[in-house]
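Student: Could you have a look at this structure, given as structure tokens, before my questions?
The values are calculated or read from the model by the stated rules, or taken from the named source; none is laboratory data. Keep in mind the model is a prediction, meaning the values are calculated, not measured. Here the Cβ positions follow ideal geometry from the backbone for every residue, glycine too, while neighbour counts run over all protein chains shown. The protein model used for the area step is the full one, side chains on, heavy atoms only, and it has no ligands, DNA or RNA in it. Shrake-Rupley method; radii C 1.70, N 1.55, O 1.52, S 1.80 Å.
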Amino acid sequence: MKISLLVVEDDNEASKIIQTLLAMKLPEVAVRVAENGRLGLEACRQQIPDIVITDLNMPDMDGVGMMEQIKELNCDTRFIVITGYSDKRERLDSLDIYDYFVKPTDFRKLLATLGSCISEIEATRS
Amino acid sequence: MNENDKIPVLIVDDRPENLTSLEALLNDMELHLVKAQSGNDALREILYNDFALVLLDVQMPDMDGFETATLMRENPKTRHLPIIFVTAGMKEEYHQFRGYEAGAVDYLMKPIEPAILRSKVRVFCDLYSQRLELKRIQAELESQNEKLRSTYQQLQEETAERLRAVEELRQKDQMMIQQSRIAAMGEMLNNIAHQWRQPLNVLGLKVQEIGFFYEMGGCDKDLLEGNVNKVMEILRHLSQTIDDFRDFSSPDKEKTEFGVAQMVAKTLSLVEESLTQKGIQVDVSLSEDLSVTGYANEFRQVLLNILMNAKDAFGDQQTEGARIEVKGWHEQGRAVLTITDNAGGIQEENLDKIFDAYYTTKELGKGTGIGLFMAKNIIEKNMGGRLTVRNIDGGVEFRIEV
């Protein structure tokens, strides 16, 4: 089964580039996108992804609120946070975040994190 | 008349019968007659008491009148005491000269003519009364002077105190204005940070994209051109943002006519990211032709203050359905602009105070209490309009009429 990934990012421009780069570098991963927390949560309810990459500050349910609700779906989804603001970090403590990046995004580091995250998921599956 | 109020006159004679006859002559003149029977007695009396006049017998044993008078003259305290010599013998002018030399003011021969004695005594008593009165007036003047001096000094101290208080207030004002400037700058920096975060992120991704495509062998002319154009577009946008912020804080030189819709758009463009980040939706509905004559940048500062105030009213957390509504229309030749939020409103008792200087309900360090005070000043004093606030259903409405 393909690894599934959900990108939640309200900046359309950034979201598009991340999609392009992910398709290029990780063609084996199934990528979906959502543009705010509410839509991200809806996408998770339809199908629980293995990994969620999310921004924190978004209109219409922020990243923290969304992740809290996704947790309630009783899944072992890994969260990778990419945010412009480091001041909400303490709110993430209870969420067991896989990794945390501050914008501007270093895509190489993001790829490295995704690589090890995917390896871990595949290890638990086999 | 009280004994103390009577005018004191010293009569000196070694013979008691002379003293008694002098006393009889002066009896009804309301005098306090003090008798001395020798020069020594007289000297002792004048040392301890004050007299209007001394009637001094010349011929006395031990110390005669001349000697007594000379000693009186030598003492500074009694130097000016008037002395009238009274004598039976020694009618020669030579004696009279001695008398005047010794300091006498007059020289009476016995037998004494009562009317002359009495009128001479009267003159000196009057002089004495006048001198006393003069002293009293002097003392009064002195005490009034003293009072004036102390009042003056008190006034000086009070004035100094007031000046100090005024200076303290001025310094406090300066400090508050300085603080509010720093706070406004902080707010601006915060807004710039919000405005720049996303474009900077896209900028970074666009640049990295070129590298990744190159690695994969897919970096062609179209991708390069596309990304370079996008990067330049973002850079221009960032540059424009800097200009906008700089314009915003530069003071207006003169009144101009400006479009309200344009000012609202410009102001919102500075703060939209910080509003979006909080999940606040902004709805604008303005007549396109709505215009105002006044200070454009100051007007934008007012808008910004009210918008930031509304933003802060929603608190630190995101609020579901948070909304700010900006509406504008013409009304009886004036432009009316309302800015409404749905953040729950202001307690009625605080509504009156909201435009007071230094009034703030925000936590220490978050609000200076200057923003809305300045906003009211700008609209009402500088632009002759009105800025009011009221609670509406679920929130607050600020109303600007210009």
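Student: Pick out the one residue from A:THR105, A:THR77, A:THR113 that is open to solvent by less than 60 Å² (accessible area, probe 1.4 Å), at negative phi and within 14 Å of another protein chain (Cβ to nearest Cβ).
Tutor: Exactly one residue qualifies, and that residue is A:THR105.
Per-residue answers, yes or no, for (1) aromatic (Phe, Trp, Tyr); (2) within 12 Å of chain A (Cβ to nearest Cβ); (3) open to solvent by less than 60 Å² (accessible area, probe 1.4 Å):
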position: B:LEU223; (1), (2), (3): no, yes, yes
position: B:VAL228; (1), (2), (3): no, no, no
position: B:LEU270; (1), (2), (3): no, no, yes
position: B:GLU273; (1), (2), (3): no, yes, yes
position: B:GLY279; (1), (2), (3): no, yes, yes
position: B:ARG300; (1), (2), (3): no, no, yes
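Student: Looking at B:GLU167, B:GLU215, B:GLU140 in this structure, which one is over 30 Å from B:MET29 (Cβ atoms), among the acidic types (Asp, Glu) and either open to solvent by less than 70 Å² (accessible area, probe 1.4 Å) or away from chain A (no Cβ under 14 Å) (or both)?
Tutor: After applying the criteria, what remains is B:GLU167.
Student: Every residue in region B:14-48 that is in contact (Cβ under 8 Å) with a residue 40 or more places away in the chain and closer than 15 Å to B:VAL121 by Cβ, please.
Tutor: Scanning region B:14-48 gives B:LEU22, B:LEU25, B:LEU26, B:MET29, B:LEU31.
Student: Please work out which one of (1) touching a Gly at 6+ places or on another chain (Cβ under 9 Å); (2) among the small types (Gly, Ala, Ser); (3) exposed (fewer than 11 other Cβ atoms within 10 Å of the Cβ) is the condition B:ALA261 fails and give its number.
Tutor: B:ALA261 satisfies all of (1) touching a Gly at 6+ places or on another chain (Cβ under 9 Å); (2) among the small types (Gly, Ala, Ser); (3) exposed (fewer than 11 other Cβ atoms within 10 Å of the Cβ) except (3).
Student: Can you tell me which residue is nearest to B:ASN297 (Cα to Cα) among those in region B:348-402 that are at pLDDT 80 or above and of a type in the set (Phe, Trp, Tyr)?
Tutor: B:PHE373
Student: Go through region B:60-102 and give me each residue that's hydrophobic (A, V, I, L, M, F, W, C), in contact with a Lys or Arg (Cβ under 8 Å, 6 or more places away or on another chain) and not in a helix (DSSP H, G or I).
Tutor: Across region B:60-102, the qualifying residues are B:ILE84, B:VAL86, B:ALA88, B:ALA102.
Student: Which residues, counting only those in region A:16-28, are open to solvent by 10 Å² or more (accessible area, probe 1.4 Å) and more than 10 Å from chain B (Cβ to nearest Cβ)?
Tutor: Scanning region A:16-28 gives A:GLN19, A:ALA23, A:LEU26, A:PRO27, A:GLU28.
Student: Here is a follow-up. Based on what the data block shows, is A:ARG91 open to solvent by 10 Å² or more (accessible area, probe 1.4 Å), more than 27 Å from B:GLY211 (Cβ to Cβ), among the basic types (Lys, Arg) and within 11 Å of chain B (Cβ to nearest Cβ)?
Tutor: yes
Student: Mind checking which residues of region A:34-60 are open to solvent by 30 Å² or more (accessible area, probe 1.4 Å) and either among the basic types (Lys, Arg) or within 14 Å of chain B (Cβ to nearest Cβ) (or both)?
Tutor: Residues satisfying the conditions are A:GLU35, A:ARG38, A:LEU39, A:ARG45, A:PRO59, A:ASP60.
Student: Which condition breaks for A:GLY65 when tested against (1) more than 9 Å from chain B (Cβ to nearest Cβ); (2) at pLDDT below 95; (3) over 13 Å from the mean Cα position of the chain (by Cα)?
Tutor: (1)
Student: For region B:274-297, how many residues are part of a loop (DSSP other than H, G, I, E, B) and farther than 24 Å from B:GLU187 by Cβ?
Tutor: Residues in region B:274-297 being part of a loop (DSSP other than H, G, I, E, B) and farther than 24 Å from B:GLU187 by Cβ: 4 in total.
Student: List every residue pair whose Cβ atoms sit under 7 Å apart, with the two residues 6 or more apart in sequence or on different chains, where the first one lies in region B:267-280 and is on the phi > 0 side of the Ramachandran plot and the second, anywhere, is open to solvent by 30 Å² or more (accessible area, probe 1.4 Å).
Tutor: B:GLY279/A:PRO59; B:GLY279/A:ASP60; B:GLY279/B:GLN318; B:GLY279/B:THR319
Student: Between a residue in region A:61-85 that is charged (D, E, K, R) and any residue that is modelled with pLDDT of 90 or more and open to solvent by 40 Å² or more (accessible area, probe 1.4 Å), which pairs come within a Cβ distance under 7 Å, given they are 6 or more apart or on different chains?
Tutor: From residues that are charged (D, E, K, R), the pairs are A:ARG78/A:TYR98.
Student: Related question: Inspect all residues belonging to region B:85-94 and state whether any of them is among the aliphatic types (A, V, I, L, M), modelled with pLDDT of 85 or more and at negative phi.
Tutor: Yes, the conditions are met somewhere in region B:85-94.
Student: Here is a further query. Which one is modelled with the lowest pLDDT, of the residues in region A:81-97 that are within 14 Å of A:ASP55 (Cα to Cα) and in contact with a helix residue (DSSP H, G or I) (Cβ under 6 Å, 6 or more places away or on another chain)?
Tutor: A:ARG91
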